[in-house]
Amino acid sequence: MPGPAAMLDVWERSLGLPVPRQVVALLAAATPGASEAEIEILPLGVRDAMLLDLRERLFGPDLPTITTCPHCSEALEASFPIAGIRLPAADPAGEPRAVEAGAHRIRFRPPATADLLAIPGDADAATARAALLERCVIEARDRRGRRVAPAALPASVQPAIAEAMAQADPQALIELHLACAACGKAFLAIFDIARFLLRELHAWAQQMLRDVDSLARAYGWREADVLALSPARRRCYLDLVAR
C-alpha cells in the first residue's frame, strides 16, 4: 500500500488527465508489480473490483454518497457498504463471449480501460458506442455466415450486445436501488467507483496539503517530515497548533 507521499505524487501527476487515465495511474501506483499497460487491458469490472479494494484500504468499507432524485430533484444522502456492491467480475483475460441478436451472431469481449482511452474526449454518445463496438466486437456474422463489420451492424442489435456485455462483466455497471424520502418514489442510480474514488482522493490530497502547511508554519517541518507522521500523531500535532 503506497504511503501518503506516493499517493500525493500520483494525485499530482494525474491532475488534468482523463478519468480513465487517472484511474490507471492510481491502480499502477497501488498495485505492486503492475504496470499501467497491464491495467489498461483488464476488463472494466476487474479494474473496478480493484478500485473497490483500494478504496476500502484507503478510506474504509462504507461509501457515503449524495445523489439527486430524478422525480423531484431533492438531494439525497445515502451510505452503503462496499461488500453490498461486490459482484462477480469478468475473467481478467477478457475471454470472448457470444450473443445472438436478430439475424446476427456476435462474438465480443468485455470493454477495458484501453477502449475508453481510445474514444475522443469530445465524442458524443453515439460516436462512443460505435467506437466501443468497433473495438470490442471480435466477429459478427449474419444468418448466411457472412461476416459483418461492426459499423454495419443494425442499431437494433446494439441493446442486445450492451446487455450481453453487462452480463459478462456485471461489476462494470453498478446500479443502486434508492427511494426518495421527499417524494417516496424509487429510482436507479449508477454508481461509478472510478469517479467516486478520484473525488475522494482529491479531497484527501487537498486536506493533506493544508495539514502540511499548518505544521510547516508551526514547527518549520518539511513536507516529508509531516507526511512521515502516522495519521494519529499528525492529528495530535494539528490539535496542538489549533489551541
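Return the unpartnered cysteines for the chain, using a Cβ-Cβ cut-off of under 4.7 Å.
C136, C236
Along the Cα→Cβ direction, 7 angstrom out, place labels at T127 and R143. What is the inter-label distance in nm?
3.6
Every read-out reported here was derived from the displayed coordinates using simple, explicitly stated rules and does not represent laboratory data. Since this is a predicted model, take the numbers as computed values, not measurements. All Cβ positions, even for glycine, are placed from backbone atoms using ideal geometry, and neighbour counts span all protein chains on display.
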